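Before anything else, here's the structure in question.
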Amino acid sequence: MKRFRLFFILFVASVLFTGEVCAKEKIIRVLAIGNSFSEDAVCQNLHELAVAEGQECIIANMYIGGCSLERHLNNARKDLKAYIYQKIGLDGVRCQINNMTLSNALKDEPWDYISLQQASGFSGIYDSYTPFLPELIHYIKTFISPGTKLIWHQTWAYAEGANHIDFKKYGSSQMKMYESIIDASGRVMKDYGFSFIIPSGTAVQNARTTFIGDNMNRDGYHLNLVYGRYTAACTWFESIFGKSVVGNTYAPKNMHPVLVKATQEAAHQAVLHPYQRTNLNFIKPTEKLYTDPTVPLDIRVEDLLSRMTVEEKVIQLNQYTLGTNDIENNKGVEVKNIPAEIGSLIYFGTEPELRNRMQRHAMENSRLGIPILFGYDAIHGFRTIFPIPLAQACSWNPALVEQGCSITAQETKQSGIDWTFSPMIDVSRDPRWGRVAEGYGEDPYANAIFGQAAVRGYQGKKLDDSISIAACLKHYVGYGASEAGRDYVYTEISRQTLWDTYLPPYEISLRSGAASLMSSFNNISGIPGSANHYTLTEILRNKWGFRGLVVSDWGAVLQLINQGVAKDLKEAGKLALNAGVDIDMMSHSYDKYLKELVAEKEVEPTVLDESVRRLLRLKFQLGLFENPYTPKTEASARFRRTASLQVAEELSAQSMVLLKNDGTLPLHAVKRLAVIGPMANNDHDMLGCWWGHGEDKDIHKLLDGITDEFKKTEIRYAKGCDFLGKDESGFKEALQAAKWADVVVMCMGEKGNWSGENNSHADITLPQIQQRLMQKIHAIGKKVILVLANGRPLVLGSAVDMSNAILEMWQPGTDGASAVAGILSGRINPSGKLAMTFPYSQGQIPIYYNRRSSARSNQGFYKDMTSEPLYSFAHGLSYTHYSYGELSASKTTLSKGEKVKVSVSVTNDGEHDGMETVFLYVSDPYSRISRPVKELKRFDKRMIRKGETENFEFILDVNRDLGFVDDQGNLFVEAGEVKICIGDKKLSLEIK
Ligand code: BGC
């Protein structure tokens, strides 16, 4: 008996505990007629929240992206199969039917609740409801039973700063939009007899008052995929099932308990007070959320930010140096005792030890343990040095450039650096400016495409990978327009040219996810790049929505004084931060004055916070909080790995441009070869201007490359002369070698440090001493091959006529010599083409292919010489010959917004296999704003075997590729003719 009683008690207890024999709740059936906002709210989490409360339900959503009440009504009237119908059944199984009609969905289940909503952008505009709601409600009622309740789904206001076009209807103010929404939803409830409201909008606004802040959004207006959606689902749950959601045991995986608590409370309060925002700022995490990697990134940022003092914020926004500074132009005052709270350091070391020591200091001795971000200029390599970027562009092979950058990322990251100040995507049309070496030439599209490739290479798949680093697009913007080719000087850039020429590479490269950007030194028509609110905030942030980090160029904040826009360093800091420069690189303005500026209200605390937020976000993205230290990797496993060297050699080979060839190349059966000139047996000058940590001992010298290649040829070397100077004592030996030889290879040009930063040259001809040596050798009458090393296009003068062939090898890096040798021997068929025009004379500068046409096409030329360049953009010879077929287009009459396919077949009808780059240009003969004579829009490089034909296809977007922008960046597509030009073939298209 006793045993029976015990069993009975246990049975009752278990039943009470599990609720198993309780009567099942009624199955509730819910249909949301909406769009992606209702999808966010009902298609995830809601079913699970109900199940957690033992509630059975069937939930469905009628989806059309951005669907408004007007469109729903139109679909109803015509019974259009316009919807994606997403349904979650009793068992939680999801199914989807495309092409669903509203009527079929209404008939599909005996719905208990059917919701309606207005499209998000119109949700606060009541007048947009009234013309459509009565008929729509009437229509719905014809399909449902009287017991079905119609309910209203209130959507939410966008994030501050969202760039969604509809946000402008509310003056881009979140509160204005929210107030309009509650007003409209209140009226709709009164006027149309909905049973109840689901106040998701209010719930989201409530959540925004907690530590979550304004982080509920994705893509400018959508809810964050995890906690934003959960907030909405909680609101639905409580509204529909009439049970408090607070304490519900279901939450998405990876959602931190504090976030669950905050979002549940936000929803609960919204259901209690649907038309008023409840301030929940008392909900604060007690533990450090920012240290928890499972917490969403933006919340970690907000949590950390909320714990920081003004001093801690200010010091984050500075960058000093660490290690021995080897950059000639940038010798700033070294900070001896770097504070543990410093935001960023330029690290000059090649081994991680010093960095790790400094990082440990930051992690262990600062109050909040914020890791330091270490940056460095790994411009065209770290230890494996690739050709200079201008040369890389001549490869027209973005995939190869990407590979090069990913090798740089691996060597750099494993050496203790998280961030490179590369790529430079400054369009430059003046070869006197030394920095042309660092960019991708004169064309905006080429800079954009190579910029994207570099970003992909550096940043890899994920920023927190062990071999990824953050990229930095520089120098924003217009630095390449330096007047008369001088560095750091004024740039005269009209708004039209800014939008046409200098901004596109940035806008496009940002799309590949570049983490950061550097503000430039140059004065842009009166407002320097580092104090320019228009470029840094109105365009970059407001128009393009860039959320990444902006660092000033070295000392650029301080230089605002020299540029005449700031009276002192304090004012310079104020201008820079307010314009949108987050980090002060080495000006010591932010560290000295920012706290004061905030106290004096010269800088708003929100502006300070926003800059800190951007820096912290990048640190989290890079995984620095989880992995602050760089693990030790042996130098041999880190640097110059076999596969890396192959890429370096291939990139060098494809970068080299055969400028001239009278048939002397490739060399056949040469018995005696003289290799002459200051570059021939030179190592360091092969590297170019930013050699990172490249070492001379690694460099493959030209003479060695040629000797290895021409094993059966006798080779004699003579230096002949130096790069500069008057010393002709080496001429004799050089002339003897030339007389002895069948063919002479002259290795001439510029020293590596003649280009790059602070290296403007007024004279870009081949130096006199080199010219004289060439003249003497030419006089002997042997075949001469000129191999050029230089960091900019040169004016070659009589050297052209004195050479049978000219190979532009640029500054090819550590591993370019065998590529030169291979091209000379014919083992490699040259495939590079110029990314920047070679002027015939210095007086022609600036000279570039995409100029606008002249008022008189047959006049206005120079009287004293040709007006044509020596070698134009895209020039480059090959050992084979390609014939281009006629162009064809998928259609020749086009509408705005359409796409068109343009095809051309290219036949290699020469004697060698080869790689050909096909360039597609567009020209618009007339339009309201005149366009360049031609503009590059696509290119593609492919191998075409001897005797074979390749079909090249290019898809053009009428708006993007055939339209143009005005001086505010507004896009226009005009009716009329546009011409497509590929090789020597042309095709006319008509835009309707
Ligand atoms: C250059 C930048 C470089 C920075 C840091 C500046 O002088 O203009 O291109 O990234 O120094 O070294």
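Is it the case that T263 is among the hydroxyl-bearing types (S, T, Y), closer than 30 Å to S239 by Cβ, surrounded by 21 or more Cβ atoms within 10 Å (Cβ to Cβ) and away from the ligand (no atom under 16 Å from the Cβ)?
On the way: among the hydroxyl-bearing types (S, T, Y): yes; closer than 30 Å to S239 by Cβ: yes; surrounded by 21 or more Cβ atoms within 10 Å (Cβ to Cβ): yes; away from the ligand (no atom under 16 Å from the Cβ): yes.
When the stated conditions are applied, T263 passes them.
If you don't mind, another one. Being touching a helix residue (DSSP H, G or I) at 6+ places or on another chain (Cβ under 8 Å), of a type outside the set (D, E, K, R), more than 15 Å from the ligand (Cβ to nearest atom) and closer than 30 Å to M943 by Cβ narrows it down to one residue among A340, A409; which is it?
It is A409.
Anything in segment 469-501 that is within 13 Å of the ligand (Cβ to nearest atom) and either of a type in the set (S, T, N, Q) or surrounded by fewer than 24 Cβ atoms within 10 Å (Cβ to Cβ) (or both)? List them, or say none.
S482, D487, Y488
Given the criteria within 16 Å of the ligand (Cβ to nearest atom) and in contact with a Pro (Cβ under 6 Å, 6 or more places away or on another chain), does G451 qualify?
Yes: the conditions hold for G451.
If you check Q264 against the conditions, is it under 29 Å from L225 (Cα atoms) and in a loop (DSSP other than H, G, I, E, B)? Full working, then the answer.
On the way: under 29 Å from L225 (Cα atoms): yes; in a loop (DSSP other than H, G, I, E, B): no.
So Q264 does not fit the description; no.
Sticking with this structure for a sec: Let me confirm something: among L304, L317, L322, which residue is away from the ligand (no atom under 16 Å from the Cβ), touching a Gly at 6+ places or on another chain (Cβ under 8 Å) and touching a residue at least 24 places away in the same chain (Cβ under 8 Å)? Show your work before the answer.
Numbers: L304 fails: touching a Gly at 6+ places or on another chain (Cβ under 8 Å); L322 fails: away from the ligand (no atom under 16 Å from the Cβ).
Result of the check over L304, L317, L322: L317.
Also, I was wondering about something else. Consider N254 carefully, then state whether it is in a loop (DSSP other than H, G, I, E, B), modelled with pLDDT under 95, more than 28 Å from D464 (Cβ to Cβ) and under 29 Å from the mean Cα position of the chain (by Cα). Break it down into steps so the answer makes sense when it comes.
On the way: in a loop (DSSP other than H, G, I, E, B): yes; modelled with pLDDT under 95: yes; more than 28 Å from D464 (Cβ to Cβ): no; under 29 Å from the mean Cα position of the chain (by Cα): yes.
It is false that N254 is in a loop (DSSP other than H, G, I, E, B), modelled with pLDDT under 95, more than 28 Å from D464 (Cβ to Cβ) and under 29 Å from the mean Cα position of the chain (by Cα).
Any idea which of P293, P274 is touching a residue at least 60 places away in the same chain (Cβ under 8 Å) and more than 30 Å from E238 (Cβ to Cβ)? Please lay out each step first, then the result.
Details: P274 fails: more than 30 Å from E238 (Cβ to Cβ).
Going through P293, P274 in turn, the sole match is P293.
Just a yes or no: is a residue in segment 112-123 at pLDDT below 95, out of contact with any Ser or Thr (no Cβ under 6 Å at 6 or more places or on another chain) and not basic (K, R)?
Yes, segment 112-123 contains at least one residue that is at pLDDT below 95, out of contact with any Ser or Thr (no Cβ under 6 Å at 6 or more places or on another chain) and not basic (K, R).
Listed here are the residues, each with its yes/no results for (1) over 23 Å from E302 (Cβ atoms); (2) in contact with a helix residue (DSSP H, G or I) (Cβ under 7 Å, 6 or more places away or on another chain); (3) free of Cβ contacts under 8 Å to residues at least 60 places away in the same chain.
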{"position": "Y590", "(1), (2), (3)": "no, yes, no"}
{"position": "E604", "(1), (2), (3)": "no, no, yes"}
{"position": "L608", "(1), (2), (3)": "no, yes, no"}
{"position": "L616", "(1), (2), (3)": "no, yes, no"}
{"position": "L622", "(1), (2), (3)": "no, no, no"}
{"position": "F625", "(1), (2), (3)": "no, yes, no"}
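Please find, among A362, A378, A399, the residue that is surrounded by 19 or more Cβ atoms within 10 Å (Cβ to Cβ), more than 16 Å from the ligand (Cβ to nearest atom) and in contact (Cβ under 8 Å) with a residue 12 or more places away in the chain.
A362
Return the residues of segment 939-954 that are closer than 27 Å to V427 by Cα and either in a loop (DSSP other than H, G, I, E, B) or in contact (Cβ under 8 Å) with a residue 60 or more places away in the chain (or both); say none if nothing qualifies.
If the condition is that a residue be closer than 27 Å to V427 by Cα and either in a loop (DSSP other than H, G, I, E, B) or in contact (Cβ under 8 Å) with a residue 60 or more places away in the chain (or both), then F939, K941 are the ones that fit.
Considering only residues that are in a loop (DSSP other than H, G, I, E, B), over 16 Å from G332 (Cβ atoms) and either out of contact with any strand residue (DSSP E or B) (no Cβ under 7 Å at 6 or more places or on another chain) or within 13 Å of the ligand (Cβ to nearest atom) (or both), which ones fall in segment 547-573?
Answer for segment 547-573, where residues must be in a loop (DSSP other than H, G, I, E, B), over 16 Å from G332 (Cβ atoms) and either out of contact with any strand residue (DSSP E or B) (no Cβ under 7 Å at 6 or more places or on another chain) or within 13 Å of the ligand (Cβ to nearest atom) (or both): R547, G564, A566, K567, D568.
Going through V271, V245 one at a time, which residue ends up being touching a helix residue (DSSP H, G or I) at 6+ places or on another chain (Cβ under 9 Å), in a loop (DSSP other than H, G, I, E, B) and crowded, with 20+ Cβ neighbours inside 10 Å?
None of the other options fit; the residue is V245.
Given the structure, is L920 buried (at least 17 other Cβ atoms within 10 Å of the Cβ), under 28 Å from W544 (Cα atoms), aliphatic (A, V, I, L, M) and touching a Lys or Arg at 6+ places or on another chain (Cβ under 7 Å)?
Considered against the rule, which asks whether it is buried (at least 17 other Cβ atoms within 10 Å of the Cβ), under 28 Å from W544 (Cα atoms), aliphatic (A, V, I, L, M) and touching a Lys or Arg at 6+ places or on another chain (Cβ under 7 Å), L920 comes out as yes.
What residue, among those in segment 408-464 that are among the basic types (K, R) and in a loop (DSSP other than H, G, I, E, B), is surrounded by the fewest Cβ atoms within 10 Å (Cβ to Cβ)?
Quick first cut of segment 408-464, residues among the basic types (K, R) only: 413, 429, 432, 435, 456, 461-462.
Pick out the ones that are also in a loop (DSSP other than H, G, I, E, B) and you get 429, 432, 461-462.
Values: R429: 22, R432: 22, K461: 8, K462: 10.
Per the stated criteria, the residue is K461.
Here's another thing I want to ask about it. Out of curiosity, is G349 assigned to a loop (DSSP other than H, G, I, E, B), within 16 Å of the ligand (Cβ to nearest atom) and either small (G, A, S) or closer than 22 Å to S516 by Cα (or both)? Walk me through how you get there before you give the answer.
Numbers: assigned to a loop (DSSP other than H, G, I, E, B): yes; within 16 Å of the ligand (Cβ to nearest atom): yes; either small (G, A, S) or closer than 22 Å to S516 by Cα (or both): yes.
So G349 passes the test.
Out of all the residues in segment 956-978, which are in a strand (DSSP E or B) and under 30 Å from the mean Cα position of the chain (by Cα)?
L956, D957, F964, V965, L971, F972, V978
Could you count how many residues in segment 502-534 are buried (at least 24 other Cβ atoms within 10 Å of the Cβ) and part of a helix (DSSP H, G or I)?
Here the count works out to 7.
Now for a different question. Residues to consider are A669, A680; find the one that is modelled with pLDDT under 95 and in a loop (DSSP other than H, G, I, E, B).
Among A669, A680, only A669 is modelled with pLDDT under 95 and in a loop (DSSP other than H, G, I, E, B).
Ok, one more. Among residues belonging to segment 756-802 that are in contact with a His (Cβ under 8 Å, 6 or more places away or on another chain) and outside any strand (DSSP E or B), point out the one that is nearest to the ligand (Cβ to nearest atom).
R792
So which of I847, I823 is modelled with pLDDT of 95 or more, in a loop (DSSP other than H, G, I, E, B) and surrounded by 12 or more Cβ atoms within 10 Å (Cβ to Cβ)?
Numbers: I823 fails: in a loop (DSSP other than H, G, I, E, B).
Exactly one of I847, I823 is modelled with pLDDT of 95 or more, in a loop (DSSP other than H, G, I, E, B) and surrounded by 12 or more Cβ atoms within 10 Å (Cβ to Cβ), namely I847.
Just the residues that are β-branched (V, I, T) and out of contact with any Phe, Trp or Tyr (no Cβ under 7 Å at 6 or more places or on another chain), please, taken from segment 401-453.
Within segment 401-453, I407, V436, I449 meet the criteria.
Which of (1) over 30 Å from T814 (Cα atoms); (2) more than 15 Å from the ligand (Cβ to nearest atom) is the odd one out, the single condition E334 does not satisfy?
Just one mismatch for E334, condition (2).
Return a yes/no flag: does segment 326-343 have any residue that is part of a loop (DSSP other than H, G, I, E, B), basic (K, R) and closer than 26 Å to D609 by Cβ.
No, because not a single residue in segment 326-343 is part of a loop (DSSP other than H, G, I, E, B), basic (K, R) and closer than 26 Å to D609 by Cβ.
Hey, among the residues in segment 370-387 that are aliphatic (A, V, I, L, M) and out of contact with any Leu (no Cβ under 9 Å at 6 or more places or on another chain), which one's nearest to K313 (Cα to Cα)?
Of the residues in segment 370-387, the ones aliphatic (A, V, I, L, M) are 370, 372-373, 378-379, 385.
Filter once more, so that each one left must be out of contact with any Leu (no Cβ under 9 Å at 6 or more places or on another chain): 378-379.
Values: A378: 28, I379: 30 Å.
That would be A378.
Let me ask another. Considering only residues that are in contact with a Lys or Arg (Cβ under 9 Å, 6 or more places away or on another chain) and of a type in the set (G, A, S), which ones fall in segment 598-621?
Hit for segment 598-621 is S611, nothing else.
Please count how many residues of segment 413-448 are more than 16 Å from the ligand (Cβ to nearest atom), within 12 Å of the chain's Cα centre (by Cα) and more than 23 Å from N850 (Cβ to Cβ).
0
The values are calculated or read from the model by the stated rules, or taken from the named source; none is laboratory data. Keep in mind that what you see is a predicted model, and the values were worked out from it rather than measured. Counting neighbours? That spans all protein chains shown, and the Cβs are built from the backbone with ideal geometry, glycine included.
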